[in-house]
Amino acid sequence: MKAIINLNKYGFRQLFFSFLFLFSSAFVFGQQQTFVYHSGEIEVSGYTNNYNWKMKTDSVVCKALITLHNRQLKAIDNLNFTVPVQKLSSPNTYMDRIAHRTLKSYPFDKIYFKYVKSEIQPWDDKDQYLVKATGNLTIAGVTQSIKMDLIATVIKDGTITFSGTHKLKLSTYQVVPKKTLMGTLNTSDDVTVNFVIGVKPLMLSSVSGR
C-alpha cells in the first residue's frame, strides 16, 4: 500500500512539473494562436480609357496561425483568406456584372490567397511589423506565386491588422479585360489591390459572438 501511495505521489509530482515546464515554455517562447477574420476591407481598382474604377468588399473569410509573446509578433505560421467574387461591388451595378463575368465568377466564384512563408521585421511603431510575405494567389482558377509587403499592427485588445497593396496584371491569371459600350470603353490590364484585414483570437471571437 505504501509503495502505491508513493508511486501516486511521484506520478502526481512528475505531472505537476511537466505542466509547469510546458506553461513556462509557452510564456518564454510565445504561444501559437488561431486568429479569425474580425473586420476589414478589400479594394480592387483599375482604370479605363474614360475613367478610374473601384470595387470593394468586407466579405472576407480569413484564418491565421500566429505566435505572440508579450504582445510582440514572433511568427506567422499560416495566413489564408478567401474573397467571394460577386461580393466585390461599386455604385455602378452594370460595371459590376461585367467585372464579375470578366473574373469568371462562374465557375470560379472565389479569390484565394494561401500563405507560404514570411519574414518579420520591426516597423516604425513598437506595435507594428513589416511582414514580407510569399503566398499563392488564385484568380479565375489560375494560381500564381506572389510576394507582397504587409504592415502588421498588434492592438491592445488582442486583435491584429494586416494592411498592404499588391499590383497585378489580369492577363497573368488568363483574364481578358472586356470591352464595353460597343467597344468604346477599354479596361486596362493593370489592377491594384488595397486591403486592411483585422483578425482576432478564435477564443475571443467565440466569446464576443455569444
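Local charge for K56 was computed over the other residues whose Cβ lies under 13 Å away, with Lys and Arg +1 and Asp and Glu -1, and equals -2. For the range 106-195, give the percent of accessible area contributed by carbon and sulfur heavy atoms, probe 1.4 Å, rounded to a whole number. Carbon-and-sulfur percentage of accessible area, whole number: 53.
Hey, what's the Cα Rg ratio for the range 125-195 versus the globular rule of thumb, 2.2 N^0.38 Å?
Numbers: Rg = 16.7 Å, N = 71, 2.2 N^0.38 = 11.1 Å.
Ratio of Cα Rg to 2.2 N^0.38 Å: 1.51.
Pairs K117/K178; K178/K200; K132/K156; K104/K156; K74/K104; K63/K126: which exceed 32 Å Cα-Cα? Kindly include the intermediate steps, with their values, before the conclusion.
Numbers: K117/K178 35 Å; K178/K200 39 Å; K132/K156 23 Å; K104/K156 41 Å; K74/K104 38 Å; K63/K126 24 Å.
Distance filter (> 32 Å) returns K117/K178; K178/K200; K104/K156; K74/K104.
The values are calculated or read from the model by the stated rules, or taken from the named source; none is laboratory data. Remember, it's a predicted structure, so these values are computed and weren't measured experimentally. Ideal geometry is used to build each Cβ from the backbone, glycine not excepted, and the neighbour counts take in all protein chains shown. Protein only, heavy atoms only, side chains kept; ligands, DNA and RNA dropped before computing areas. Shrake-Rupley method; radii C 1.70, N 1.55, O 1.52, S 1.80 Å.
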